[in-house]
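Step one of this worksheet: look at the structure below.
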Amino acid sequence: MALVVQKYGGTSVGTVARIQAVAQRIKKTVQQGNSLVIVVSAMGKSTDVLVDLAQQITTSPSRREMDMLLSTGEQVSIALLTMALQELEQPAVSLTGAQVGIVTEADYSRARILQIKTERLQKHLNQGEVVVVAGFQGISSSEDLEITTLGRGGSDTSAVALAASLQADRCEIYTDVPGILTTDPRIVPEAQLMNMITADEMLELASLGASVLHPRAVEIARNFGMPLVVLSSWSDAPGTRVVSPEPKPRSLEGLELAKAVDGVEVDIDQAKVALLKIPDCPGVAADLFGQVAEAGVDVDLIIQSIHESNTNDIAFTVAQRDLDKAEALAKQIAPKLGVTVGCQDSENTEVRADNTIAKVAISGAGIIGRPGIAAKMFQSLSDEGINIQMISTSEVKVSCVIDRSQCDRASEILCQVFDIDSSSLVAKSPNTDVDHPAVRSVALDRDKARVAVLQIPDQPGKAAQIFSALALNNISVDTIIQSQRCREVDGQATRDIAFTVAQGEAQVAKDALKAIINEIGFRDIAIDNAIAKVSIVGSGMFGTPGIAAKLFKALAQAQINIQMIATSEIKVSCVVAEDDGIKALKVIHETFGLAGNTKIQPES
Ligand code: ADP
Ligand code: ASP
Ligand code: MG
């Protein structure tokens, strides 16, 4: 007999008839000999309706009262589904998060799960009952037993956390689409179903805007090696499996909080080429990386930060053996960059090559949404007097380019700070999985704003100061980019750092940093809300030259200007103007041949 946790999303329990259909499915699964714990969301869009009610009273409701309000939605659906099961003569019982013992931090609206007490669940399961649990909610561990919620879309996280705590055989997420698709079918109906995706790919996708799974649910599945499947409530098709690597042993205590970082990576075979003051117009990145790819040079990190006036800087890293070739090529291309695409000439462009760098990175599924982690890395490097030359982040990794001579010290200190066994230092090797195309899916995030901190003194400790201040204010930062250009201001070298945050948090971030402007010594800070982030994801892209070039070319052909670029081994993200977001997603999906012949129509 298998123990299975199933989660049904809002659309799947949106009406009484649908709740009855879900009850039928559950009963059938029990009859096949399984023990079931069911997690449900609030019916249809009822959580949005509750948010709207609150907004009619106040534009700034207290987070505590919001949790009190929003947690009621799930309580309605657990009771109705349990009644529907009982009508089918299937023994069942409904339990709220508090009744189950889903213990969380006392952090309203985004609480992380600390522990799930399984005794009561186990007792009901032993009595042959289906246990129907309210998703999205928990109870604080403090004496006050406060009701908390996990954040919008958090029922997925409740389900996987329950599955991990009960050591279930698998967790099934039932939703309104057939599984995980190459992109959001509401924007691109030709999106195709993937029958399998790696947890790392899914983590990136979920954090980059694919709302089909809550990123924290993927994090838990990956950390505990929980088999996870996403499938449709409307069919019996097998859906998409999310496949995790062999997990390292970890405790269920502090479930979502323990150990955010599980690896330190060092790459000393790195060299950097920077092109400064290149023209800022569509086609330039495509031109540059197209020619680099044609020459067979594999590019690792690519960083393009915010631009100043009408020029940009782009820096990229390559293996040391490719440096001479890459430098010669860059010098040859630089004066003509932009000319071929009808841009102004680039006579001031400079090319700089550097063969004294190395890359250190921390990785781990728990980095997402935990603002203090990057800050801790920057602080630890700064404490050792190590200057960070470039920063590029993905959802599950923070990479820093530093001086090669300081690399051993950097990795030693990072292993110590993040409690990583230094014998497990990893060097990534190219993915040899030939079954899948290099790019598997694309995502669009329209909820982000960009914050640019300008002219920060180029000294160790500055990035740490900035991101510690943001962490203190609980602001979750995703893409961080530190530009290449070093500018002299009043005889002092300065750099810019840009990052993206949720739109609702941009002003708080700005105010928090402005409050310490004298301490950090930067000159200015600017917010841009009119941006969108488009990303391509695929674990086969590492070691496949030309992928980024193809992306840039597709955007250039659609006349879309790229404002920022950040890469990791398995993704490339570009920030573009908000109005270009949907068009960008469509052309990229098409360019990488991800479209299928049949159109997907999500249930509504
Ligand atoms: P539920 O209420 O079942 O949790 P959600 O609305 O949270 O459902 O998630 C399902 C939705 O996610 C789909 O209807 C789809 O519009 C959206 N989505 C975005 N990206 C993807 C993707 N790559 N694959 C599948 N669905 C996606
Ligand atoms: N009902 C909550 C929401 O709408 C949680 C969820 O559906 O996962 O965000
Ligand atoms: Mg959801």
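The condition of being at pLDDT 95 or above, away from ligand 2 (no atom under 14 Å from the Cβ) and buried (at least 20 other Cβ atoms within 10 Å of the Cβ) holds for T82.
Does Y174 qualify as being of a type in the set (S, T, Y) and not in a strand (DSSP E or B)? So Y174 fails the test. Taking interchain pairs and intrachain pairs at least six residues apart, which have beta carbon atoms under 6 angstrom, with the first residue in segment 140-168 and more than 12 Å from ligand 1 (Cβ to nearest atom) and at pLDDT 95 or above and the second basic (K, R) and assigned to a strand (DSSP E or B)? Sorted first by the residue in segment 140-168, then by its partner, the list stays empty.
Taking (1) more than 17 Å from S233 (Cβ to Cβ); (2) more than 16 Å from ligand 3 (Cβ to nearest atom); (3) open to solvent by less than 70 Å² (accessible area, probe 1.4 Å); (4) of a type outside the set (G, A, S) in turn, E87 satisfies each apart from (3). Filtering segment 27-65 to residues that are hydrophobic (A, V, I, L, M, F, W, C), touching a residue at least 12 places away in the same chain (Cβ under 8 Å) and out of contact with any Phe, Trp or Tyr (no Cβ under 9 Å at 6 or more places or on another chain) leaves V30, L36, V37, M43, L50, V51, L53, A54.
Taking the criterion of being of a type outside the set (A, V, I, L, M, F, W, C) and either on the phi > 0 side of the Ramachandran plot or within 11 Å of ligand 3 (Cβ to nearest atom) (or both), the residues of segment 164-180 that qualify are Q167, Y174, T175, D176, G179. Which of the residues belonging to segment 188-209 are touching a helix residue (DSSP H, G or I) at 6+ places or on another chain (Cβ under 8 Å) and near ligand 1 (Cβ under 8 Å from one of its atoms)? Scanning segment 188-209 gives a single hit, A191. Pairing residues of segment 581-604 that are under 18 Å from I562 (Cβ atoms) with residues that are charged (D, E, K, R) and within 13 Å of ligand 1 (Cβ to nearest atom), at Cβ distances under 7 Å and at least 6 apart in sequence or on separate chains, gives G581/R446.
The condition of being farther than 23 Å from V534 by Cβ, open to solvent by 10 Å² or more (accessible area, probe 1.4 Å), modelled with pLDDT of 90 or more and over 28 Å from the mean Cα position of the chain (by Cα) holds for only one of K331, K359, that being K331.
Contact annotation: residue pairs with Cβ atoms under 9 Å, 6 or more positions apart or on different chains, pairing a residue in segment 529-540 that is open to solvent by less than 10 Å² (accessible area, probe 1.4 Å) with a partner that is assigned to a loop (DSSP other than H, G, I, E, B) and basic (K, R), are I531/R446; A532/R446; K533/R446; I536/R440; V537/R440; G538/R440. Being among the β-branched types (V, I, T), within 15 Å of ligand 3 (Cβ to nearest atom) and open to solvent by 10 Å² or more (accessible area, probe 1.4 Å) is a property that T11 has. Here the strands (runs of 3 or more DSSP E) wholly within segment 503-604 that include at least 3 residues being under 28 Å from M194 (Cβ atoms) are 531-537, 564-568, 571-577. Of all residues in segment 479-518, those satisfying the criterion of being over 30 Å from V273 (Cα atoms), open to solvent by less than 20 Å² (accessible area, probe 1.4 Å) and touching a helix residue (DSSP H, G or I) at 6+ places or on another chain (Cβ under 8 Å) are A509, A512, L513. Out of all the residues in segment 465-474, is one or more farther than 19 Å from S399 by Cα and within 16 Å of ligand 1 (Cβ to nearest atom)? No, every residue in segment 465-474 fails to be farther than 19 Å from S399 by Cα and within 16 Å of ligand 1 (Cβ to nearest atom).
Using the structure shown, decide if D184 is charged (D, E, K, R), surrounded by 20 or more Cβ atoms within 10 Å (Cβ to Cβ) and within 16 Å of ligand 3 (Cβ to nearest atom). Criteria met by D184. Every condition in (1) farther than 20 Å from I367 by Cα; (2) more than 12 Å from ligand 1 (Cβ to nearest atom); (3) open to solvent by 10 Å² or more (accessible area, probe 1.4 Å) is met by G225 except one, and the failing one is (1). Residues that are open to solvent by less than 20 Å² (accessible area, probe 1.4 Å), under 23 Å from A353 (Cα atoms) and over 14 Å from the mean Cα position of the chain (by Cα) within segment 378-400 comprise I386, I388, M390, I391, S399, C400, listed in sequence order.
The sole residue among A210, A260, A191, A199 that is open to solvent by less than 30 Å² (accessible area, probe 1.4 Å), within 16 Å of ligand 2 (Cβ to nearest atom) and small (G, A, S) is A210. Criterion first (more than 14 Å from ligand 3 (Cβ to nearest atom) and more than 29 Å from E65 (Cα to Cα)) does A161 satisfy it? No, not satisfied.
The values are calculated or read from the model by the stated rules, or taken from the named source; none is laboratory data. A quick note: this is a predicted structure, and the numbers were derived from the prediction, not measured. So basically every Cβ, Gly included, is an ideal-geometry build from the backbone, and we count neighbours across all protein chains shown. Protein only, heavy atoms only, side chains kept; ligands, DNA and RNA dropped before computing areas. Shrake-Rupley method; radii C 1.70, N 1.55, O 1.52, S 1.80 Å.
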